[in-house]
1. Carbon and sulfur atoms: what percent of the 1.4 Å accessible area of the stretch 1-127 do they account for?
2. In percent, what relative contact order does the stretch 218-383 have, based on Cα pairs under 8 Å that are 6 or more apart in sequence?
3. With the cut-off at 20 Å, tell me which of the pairs Lys246/Lys270; Lys246/Lys372; Lys246/Lys274 have Cα atoms farther apart than that.
4. Using a basic spin-label model with each label point 7 Å from the Cα along Cα→Cβ, how many nm lie between Glu368 and Arg70?
5. Relative to the compact-globule scaling 2.2 N^0.38 Å, provide the ratio for the alpha-carbon radius of gyration of the stretch 4-207.
6. Using the basic label-point model (7 angstrom from Cα toward the beta carbon), what is the Val111 to Asp379 distance in nanometres?
7. Give the accessible surface of the stretch 224-341 per residue, rounded to a whole number of Å², with probe radius 1.4 Å and ligands, DNA and RNA excluded.
8. Around Thr219, with a cut-off of 13 angstrom between Cβ atoms, what is the net charge of the other residues, counting Lys and Arg +1 and Asp and Glu -1?
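The values are calculated or read from the model by the stated rules, or taken from the named source; none is laboratory data. Remember, predicted model here, so these are calculated numbers, not experimental data. Methodologically, a virtual Cβ is constructed for each residue, glycine included, from the backbone with ideal geometry; neighbour enumeration extends over all protein chains shown. Side chains are part of the model used for accessible areas, which takes the heavy atoms of the whole protein and leaves out ligands, DNA and RNA. Shrake-Rupley method; radii C 1.70, N 1.55, O 1.52, S 1.80 Å.
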Amino acid sequence: MTKFTDLSLDPKVLKAIEETGYETPTPIQAGAIPPALEGKDVLGIAQTGTGKTASFTLPMITMLGRGRARARMPRSLVLAPTRELAAQVAENFDIYAKHTRLTKALLIGGVSFGEQDKLIDKGVDVLIATPGRLLDHFERGKLLLTGVQVMVVDEADRMLDMGFIPDIERIFQLTPFTRQTLFFSATMAPEIERITNTFLHAPVKVEVARQATTSETITQGLVQFTPSRRDRTASEKRTMLREMIKREGEDCTNAIIFCNRKVDVDIVAKSLKKHGLNAEPIHGDLDQSHRTRTLDGFRDGSIRFLVASDVAARGLDIPNVSHVFNFDVPSHSEDYVHRIGRTGRAGRKGTALMIAVPADGKLLDAIENLVKQEIPRLDPPELPKTERRSRRGDRKDREEAPRAKTEDAAETPADTAPEKSAEKGGGRRSRSRSRRGESSNGSQVVGMGDHVPDFILRSFAETKAH
Ligand code: AMP
């Protein structure tokens, strides 16, 4: 088995690794570090959690130890798709370079240009950046990329998803043709293949796991159910989620809960909180300091549930995440691999559970085709009766109303008109909606279409109450 001392790394780097407590290089490290140190281009196909950050930072630090920083001309460049990921690379760099005198700057949105300019003016060895922010700096004329000897592209497949490929191509063209490129992606989409064919020179390909494989330390499960009505899908999924969390009991020390849409991230977090669970949302619309605070809270255990969008949580290295819940089946099948890879990291055990409704059928097929396995089906937890009753007229139903309106109207004509007013109105209207659409014993009023006169449905009890 390869040892770190076999890898020709700078002794200062080896010392830092020893202090970190790593015993042996991970497969991506053992595969990528030697060719990187020989100055070759590397194409690493590896997902997060495999130790890929160190597989490029360790050789970079070793190679950079041989030269000096020059003003406004960074010697190396790491591009990451999100602020969090860039910040995480910077943290890794600080750990592994702590016995060297190398300097770095982190160029991400949400941090003032002034501070970043000062560092660049002085000269940095490593520039870690998101593509857009790097180009902003470049266009302000504060930065020259002609001194870049090593360029790293991390999480290229996510760059593709986020539409950064044109930026990446432009950045490649701004750096010298002779630069060395270390390029990492979890999957090799055709567009990624094209970029690597264009910009990498005879790369050494290091693939640590089959494309898009899921870690064996992660126990997966799928809960499928058919919502009682389409417009109740999300609220019933929230109930299901709580019951699934309950069923995991103490094994679920903490969890990341993924939703496909930012709006649902907020709703799910709010709903969990309302039910007494310690949850916070994280997505791209929250400002940087808020996101950092939330992540810190999740890392130190003061927040138990992190409700997240893919972009915000992508590549985050948070050790000891016991569970991942997919509140939604991800629309890109590769995201399933990334999401569940937040648990079961570095050989630890983890559990990844997903909720699916019949409408998710196609997406689910795509995921199972990609990971080449069937996700084990679990019995749905029993939903509490009280939940079912209290869901009538639940505020959250209104939040779903705009999306579900047409289907709803087709199924239950009597509900259509009040649904419209509920969209605009406050809580009281919503409550009366459910009473108007249902008789006092809860059954639907049928046969009068949209033309039920309002007074017929008005509840006397309610009138008295006001
Ligand atoms: P990454 O894939 O870069 O996000 O790394 C995943 C996790 O593995 C991080 O928590 C690293 O600190 C950890 N790690 C990296 N290299 C090693 C190693 N050789 N041995 C044990 N843990 C490691």
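1. Taking all protein chains in place, the stretch 1-127 shows 50 percent carbon and sulfur surface.
2. On the way: 289 pairs, mean separation 59.9, N = 166.
Over the stretch 218-383, the number comes to 36 percent.
3. Values: Lys246/Lys270 17 Å; Lys246/Lys372 30 Å; Lys246/Lys274 15 Å.
Check vs 20 Å cut-off fails for Lys246/Lys372.
4. 5.8 nm
5. Working: Rg = 15.6 Å, N = 204, 2.2 N^0.38 = 16.6 Å.
In units of the 2.2 N^0.38 Å rule of thumb, it is 0.94.
6. Between Val111 and Asp379, the simple spin-label model gives 5.2 nm.
7. Numbers: 4390 Å² over 118 residues.
I get 37 Å² per residue for the stretch 224-341.
8. Working: positive: Arg348, Lys349; negative: Glu216, Glu248, Asp251.
Its environment carries a net charge of -1.
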